[in-house]
Each structure stands twice: as structure tokens, then as C-alpha cells.
Amino acid sequence: MTNISESPFSPQEIASEGIKPEEYTEIVRRLGRHPNKAELGMFGVMWSEHCCYKNSRPLLKQFPTTGDRILVGPGENAGVVDLGDGLQLAFKIESHNHPSAVEPFQGAATGVGGILRDIFTMGARPIALLNSLRFGSLDDPKTQRLFNGVVSGISHYGNCVGVPTVGGEVYFDKAYSGNPLVNVMALGLMETPEIVKSGASGIGNPVLYVGSTTGRDGMGGASFASAELTDESMDNRPAVQVGDPFLEKSLIEACLEAFKTGAVVAAQDMGAAGITCSTSEMAAKGGVGVECDLDKIPAREYGMIPYEYLLSESQERMLFVAEKGREQELIDIFHKWGLHAVVAGTVIAEPIVRILFKGEIAAEIPADALAENTPLYERELMAEPPEYAKTAWAWNVESLPNCDITGITVDEKLQNWQDVLLTLLSTPTIASKSWVYRQYDHQVQNNTVLLPGGADAAVVRIRPLNPTPVTNHQLPVTSPENSTPITNHQLPVTNHRTGVAATVDCNSRYVYLDPYEGAKAVVAEAARNLSCVGAEPLAVTDNLNFGSPEKPIGYWQLASACRGLSEGCQEFSTPVTGGNVSLYNETFDDQGNPQPIYPTPVVGMVGLIEDLEQICGQGWKKQGDVIYLLGLTTQSPVELGASEYLATIHNTIAGRPLRVDFDLERKVQSACRHGIRSGWVNSAHDTAEGGLTVALAECCLSGKLGADINLGISTNCDSRWDEVLFGEGGARILVSVSGENQENWESYLQENLGDKWQKLGIVANLKNGLTVSTTDNQTIMKVSITDMSKVYDQAIAQRLATYANT
């Protein structure tokens with residue numbers, strides 16, 4: 001029996017690989033010997049949270065993952081859903097948080113490259129990108145540097161590779177000061193006859209390494225992503241990869257061409273953990289082994305050792321299993337595109353990963369031990385909510401100063417409601433993100449239907465470049481040219497009226513204050529945003545960004561949020577097809593105290609639009625249109641707790657989000673979609689951060705039209721005015737409807753929503769601005785479009801200009 005105390009590695013060396021003492025003991029038990037340096041590194045990256053989800057896997061099992069449209073669920077490089085008519089959509093979200101904190105430009109850029117590879121590895125052509133970003137206060141110079149770098153990295157890679165960045169979200173909060181979040185979502189349209197899977201098969205089949213060369217960049221990136229950030233993390237730049245979007249563009253075309261030959265048995269992107277991950281995952285999923293000779297790997301640096309080859313995360317690389325005898329056919333394709341392609345190994349019967357170097361075995365590990373049978377930690381959940389949550393929940397709106405129709409006194413100064421609105425509109429989290437999205441090419445490929453900033457969700461036209469066969473839709477059709485039966489892969493698709501909508505959402509303050517209800521609200525908002533453009537929600541990919549699960553509060557937040565996400569996805573019939581878990585998002589301050597981020601479970605949701613003629617944006621379209629509020633009316637209770645108003649105006653983070661009413665959500669969203677598809681609804685926008693009044697202002701700014709609003713309550717009402725104007729939560733959507741459709745629309749609402757709707761006013765001309773009044777004709781606020789636009793459009797640019805000048 002091997003003596004653990006005789007380990008060739010010191011405890012410090014073992015810990016530096018991210019391996020716990022008890023995990024090292026288990027490694028020795030499984031191998032029946034001590035690992036060598038290369039093997040220790042392989043276990044370190046593959047047993048990291050980033051790769052094996054050892055703390056989150058038990059929680060992920062509760063997610064719904066099947067449905068009528070789900071073709072590929074969790075476990076592959078990306079999820080795939082059936083859009084009908086032979087169209088299939090691949091989509092996935094991934095994080096690149098820690099690399100972006102250390103080197104924001106390359107960290108964000110390679111995050112884009114990595115998620116694109118997940119998509120085209122399935123045989124899908126990437127058609128769109130979205131991103132969900134979190135930073136600290138924008139008044140902090142460090143945040144401004146990170147923000148500039150991340151946005152530049154995303155725009156550089158996406159613009160150069162030729163995939164439009166069509167939507168996203170950006171939040172700013174001190175909780176992310178030392179640990180920004182960079183989550184990137186990609187969509188792709190299947191082009192290959194069959195979905196390409198990652199499980200290796202066929203004993204004796206050659207294993208091909210294709211793409212770029214291997215260097216020392218990105219060393220141990222998976223382990224780096226699974227540890228808290230410290231001051232020393234800034235010295236960990238080798239753990240950040242360097243990307244080449246032009247090479248990736250060639251890789252996309254070469255891979256799709258190769259897949260169409262039918263000579264590729266399996267494919268795997270070399271992302272986190274590089275060669276180690278791709279060889280072990282392909283072997284384990286296929287129940288076979290892989291032998292790989294490092295001497296065959298194209299290297300960009302001299303003197304590399306097995307440890308470096310195996311842990312490198314150099315970008316734009318793939319691993320293929322090819323049909324024996326057809327490897328040269330594939331190699332020729334990659335050479336044509338100016339890429340490396342070599343036979344680097346073989347599929348073997350013994351289920352191990354065997355690494356050769358200079359004619360000797362450099363590593364030999366059971367594939368299952370690396371990729372499937374990894375450590376699993378079932379942690380104990382706190383019996384009661386933590387004290388911070390109890391304290392927050394004890395907050396009451398009555399602790400706020402009294403207010404009336406004229407405004408509210410804050411810090412001994414009266415603020416009228418117009419001033420409060422302008423303050424909220426100038427908050428970077430709410431303000432226009434045009435400074436961000438104008439750096440992105442959101443129209444490349446010419447399929448972007450609704451541009452960023454113009455709607456609650458992105459909408460992209462589905463237009464296949466090369467219609468392909470779909471194995472589960474093989475009904476014969478008739479060719480219009482010759483009236484003879486043809487198969488689907490020959491079908492000339494001429495109807496480009498089908499579209500897909502996508503959104504990424506998360507109000508992390510909600511989740512921090514109540515992880516269970518907050519996570520349900522995340523799913524509800526994502527579905528609501530899709531409904532506001534007329535799309536039917538289909539499926540979800542999620543990115544779970546949390547602090548350390550080893551701390552009771554961190555695990556309580558993670559477990560509670562997962563329960564809320566699961567329930568929300570079940571209620572909306574939007575199965576989870578995969579995603580990403582990013583834990584240990586904490587920063588140690590100078591005294592060594594951990595500062596976790598807000599729990600941030602980002603939901604990426606896709607929806608189907610059957611007819612692109614039946615969509616709408618958020619801005620008012622025509623003067624004289626009637627404005628309605630669907631869902632909770634102005635007389636209904638909403639929440640100031642957890643709101644942007646409470647945080648910004650009163651500098652208070654307390655309360656809890658309004659509980660999600662799923663039945664009302666489904667009814668309101670269904671009504672909105674029906675109104676859009678019937679041609680009644682001209683614009684739709686949900687109420688989110690800042691509540692009803694901010695949503696009204698955004699509709700005015702987007703449509704460059706005013707609005708005359710009557711809240712339907714009198715001056716002497718019992719409600720708090722700040723609650724009516726800026727309260728959040730609930731299933732609420734603002735829509736505008738042409739006068740000629742008013743009767744049909746109201747009849748439909750009365751039948752389907754009962755009393756859960758309200759006529760608010762009419763769309764006015766630009767000069768009128770936004771006027772909000774009571775039933776007894778008392779004006780609560782009147783603000784011009786010019787004044788709103790000045791603070792809303794320039795908020796981010798002005799803060800960055802101040803930083804640049806200093």
C-alpha cells in the first residue's frame with residue numbers, strides 16, 4: 001500500500017494545484033501510487049470547481065432538462081433546441097470572471113472566443129452574442145479601467161470574428177469592486193447533417209489536433225478560476241489566455257466544412273484545462289481511452305514539458321476523433337484554411353488517458369477519474385437564514401421619511417419627484433448603455449432585426465447559409481423547381497420570417513436579499529423580456545456566479561437560488577440545456593477578509609418568433625396611441641424593498657423582492673404576445689429597475705415621443721407616492737395600442753386579465769415630454785425629453801470622461 005507521507009510533493013505544492021489534502025489521498029488511492037508532476041496538474045484542473053462542479057453538481061440535478069423542443073441538454077458543449085421546419089438552435093453561456101479581473105481585455109476577448117467554440121463544436125454556425133457584465137462603482141478609477149478593458153475585449157473579438165453582439169446587460173455595484181463578472185452567451189444555427197457530439201468512439205480511430213499552436217499562456221486557468229482573488233492574483237497573468245479572432249474565424253469555417261464530410265466522429269473544444277480536459281472528457285463520454293503523443297502537438301514555444309502542454313489553455317484549438325482512413329481528408333481542409341492539423345493520438349480500448357512524451361509515458365490516468373468520477377461535496381444547508389437576511393427582511397417602508405405629491409425630504413433636502421426620476425435615470429445601472437453597444441458590431445451578418453437599446457430582448461432573423469439535413473424531420477417535400485421529392489438537407493429555404501429572441505437577465509440585489517424569491521424573479525423577468533418582443537420562451541442556459549460554497553452563507557445563497565431557478569424554469573416550461581458555474585467570486589482585502597460578490601445567477605433565455613412581421617420594440621411608435629399597464633396596477637402593492645430607488649436615493653440595501661405570482665406572470669406575458677401577434681400592440685416594455693416611472697421614461701426616450709399619464713389614483717390616496725412611482729416587482733408590462741385597435745384590445749384584456757390591467761394615458765408629442773398626474777388633475781411630475789435624455793444618454797460617458805481627464 002502506498003504511504004501518503006512519502007509523497008514527492010510538499011503540502012504547499014499540492015495546495016498550489018488547488019488540491020485538498022483529502023483529495024490528494026484519494027488520487028493516490030485511485031492510482032495505487034503517487035502521481036507525477038504532470039498527473040498532479042491534470043487532477044488539479046479537472047477536479048477544480050470550474051471543471052467538475054464538485055460543490056454545485058448535487059444542486060443542478062433539480063433543474064428541469066427535458067422538453068418537446070429539447071434536442072441536446074446538459075452534458076455537451078452546448079444545448080440545442082428544435083425551432084421547427086428543420087431549424088435547430090445551439091446556445092450556451094459561459095463566464096470568464098477571474099481572467100477579466102486580472103487582464104480585462106484578453107480575459108473578456110477569450111471569453112467570447114471560448115463560447116463561440118462551444119457553439120460551432122456542435123456543428124452550428126454562430127449567429128449572435130450577448131453578454132452580462134457586472135462591475136464595481138463607476139466612480140472608482142479601478143472599475144473604469146476594468147470596464148474599459150472588458151468592453152474593448154468583447155468588441156475586439158466579436159467584431160473581428162464576424163459575429164454580432166446583439167444584446168446584454170450591465171450592472172454597477174460596489175459588491176463587484178474587486179471581482180467583475182463577464183458572462184458571454186452565444187447562439188448558433190445548426191449547419192451539419194447531425195449534431196456533433198463529444199464522446200470518442202471507434203477503437204483505432206485517429207485523434208486529430210487542429211487549430212492554433214500550443215504555448216504557455218493560460219496555464220492552469222481552470223484552477224485559477226476556482227480560487228478567490230487576492231493581491232497576488234494580479235501576478236497570475238500566465239493564467240489568462242491570449243486570443244486571435246481572425247484565426248478563430250478560419251477555425252469556424254474549417255470545422256463546419258470538416259463536419260459536413262461525415263469523417264468527424266467526435267469533437268471537443270480545448271477550453272478550460274486544454275488537452276487534459278479534451279482528451280479525458282472525450283474518452284470518458286465514449287467509454288473508451290485516448291492516447292496522445294505530445295511530440296506531435298504543434299508548439300509555439302521551445303522547451304515545453306508535459307505539465308505545460310497538458311495545462312496550457314492556448315486558444316483556438318480543437319480535438320477531433322476521425323474515421324480511420326479519412327484523416328488526410330480532414331487535414332487538407334484545415335491546411336486550406338491556414339490552420340494546423342496533425343494526427344496526435346489514437347482511440348484505445350482501455351478507458352484511460354495515456355500521454356506520451358519523447359517516447360515515454362508522461363501520464364496515465366483512468367479517464368473516468370478525471371472527467372466523471374470526480375469529488376462531490378454535499379454540504380449542509382443552514383437551518384435558518386443568515387443574520388444579514390433577517391436584518392434586511394425586518395426593514396419596513398415606514399422607516400422612510402414621509403412623502404407627498406410634491407416629493408420627499410432626504411438628508412434635510414426636499415427632492416421633487418422629477419429630480420428623483422432624473423437621478424435614477426443617471427444611475428449607470430439604469431442609464432443608457434449606448435457607450436457600450438456602440439462599440440459592438442451588432443449588424444454584421446445582416447440578420448439583427450431589433451438593435452441594442454431598442455427592445456427588451458434581442459431579435460435575430462434565422463437565415464441558414466447552407467440548409468442541412470435534420471435526422472428527426474425527414475418528411476419528403478416537393479422541390480418547386482422540378483416537383484420531385486427532396487430531403488430536408490436539399491430544401492431551398494426561402495422563408496426568412498422565422499426569428500429567435502434572446503435575453504440575459506439577473507437582478508442580483510434581489511437574489512442577495514432573498515436568493516429563493518430573487519432567483520424566481522430572474523426567470524420571470526427573462527420570460528417577460530422575450531414576451532415583450534413577441535417571442536415564445538423556449539429554454540434556458542444559466543451562469544451561476546457565487547462566492548465560496550465552503551462558507552455557510554455562500555452555500556445557503558447558492559442552494560436557495562438553485563431551488564428558485566428550478567421552480568421558475570418549471571413554471572415557465574423553459575428547461576435548462578446547460579450553462580456554467582463560477583464559484584469563489586470573492587476578493588480578499590488588505591486585512592485578509594473575504595468580500596464576496598452578490599449572488600448572481602444569470603439566466604440566458606431563448607424564444608421563438610414564428611413571424612418577424614409580428615414583433616415590437618419598447619419605444620412609443622405613434623402620437624395618440626393609448627398606453628396600458630398590464631399586470632399589477634397602480635393600486636396594487638409593489639415593493640420599495642430591494643429597489644433601485646431605495647439603494648440610490650436612500651442609500652439603503654434592505655427589504656426583499658416582491659414574491660413572484662407565476663399564474664399572473666403567465667397571463668400577462670401571454671396577453672402581451674397575443675397583442676403583438678394580433679397587430680394591436682405597437683410597443684411593449686416591462687417595468688424593472690426604477691419601477692413604473694423609469695419604464696415610462698425609457699419608452700419616451702426610446703421612441704422620442706412624450707406621454708400624458710394619469711395614475712388612476714387621487715391626491716389623497718393612502719399609497720406612498722414613491723411606492724407608486726418607483727416601486728418594483730410583479731408582472732407588469734407597459735404597452736401602447738393604436739386607437740383603432742383599442743376596442744378589440746380592451747375586450748381581450750377584460751376576458752383574459754380581468755382587473756389586472758389599467759389604461760394609463762396616451763402617447764404625446766416630443767415637446768410635451770413625460771407628464772404624470774392624478775385623477776384630480778394634480779401634476780406629480782412634468783419632465784422634458786431633453787432633460788431626461790441629457791442624464792440618461794450621457795451618464796456613463798461623462799463618468800469615464802472624468803476618469804480620463806484625471
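The values are calculated or read from the model by the stated rules, or taken from the named source; none is laboratory data. On a predicted model such as this, the values are computed, not experimentally measured, just so you know. Because the Cβ atoms are built from the backbone with ideal geometry, glycine has one as well, and the counts that use them run over all protein chains shown. Side chains are part of the model used for accessible areas, which takes the heavy atoms of the whole protein and leaves out ligands, DNA and RNA. Shrake-Rupley method; radii C 1.70, N 1.55, O 1.52, S 1.80 Å.
So the values come out like this:
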| item | result |
| --- | --- |
| Ratio Rg/Rh, restricted to segment 606-683 and using Cα atoms, in which Rh is the Kirkwood radius | 1.06 |
| Most to least accessible of Thr391, Thr587 (protein chains only, probe 1.4 Å) | Thr391, Thr587 |
| Reachable lysines, given that their alpha-carbon falls under 25 Å from the alpha-carbon of Lys551 and they are not under 8 places away in the same chain | Lys20, Lys54, Lys61, Lys174, Lys390, Lys520 |
| Rounded tilt (10° steps) of 274-286 against the dominant C-alpha axis of the chain | 90 |
| Accessible surface of Cys616 - all protein chains present, 1.4 Å probe, nearest 10 Å² | 10 |
| Gyration tensor verdict on segment 304-364 (Cα atoms; rounded if a/c is under 1.5, prolate if a/b is larger than b/c, oblate otherwise) | oblate |
| Shape of segment 269-308, Cα gyration tensor, a/c cut at 1.5 | prolate |
| Trypsin sites (Lys or Arg not before Pro) within segment 329-369: DSSP coil, no more than 15 neighbouring Cβ in 10 Å | Lys358 |
| Extension gain from Ala797 to Gln62, taking 0.36 nm per residue of separation minus the Cα-Cα distance | 260.3 nm |
| Extension gain (nm, one decimal) between Asn402 and Asn765, 0.36 nm per residue minus Cα-Cα | 127.3 nm |
| Restricting segment 26-91 to trypsin sites (Lys or Arg not before Pro) in coil, as DSSP defines it, with at most 11 other Cβ within 10 Å | Arg33, Lys61 |
| Within the accessible area of the chain (1.4 Å probe), percent carbon and sulfur | 48 |
| Between 0 and 90°, nearest 10: helix 552-571 axis offset from the chain longest Cα axis | 70 |
| For the chain: accessible area per residue (Å², 1.4 Å) | 36 |
| Reported label for calculated Cα extents along the principal axes in Å given (i) 89, 77, 50; (ii) 157, 110, 50; (iii) 102, 71, 52 | (i) |
| Nearest-ten-degree value, helix 662-677 long axis tilted from longest Cα axis of the chain | 80 |
| Solvent-accessible area of Ser155 with every protein chain in place, 1.4 Å probe, in Å² to the nearest 10 | 10 |
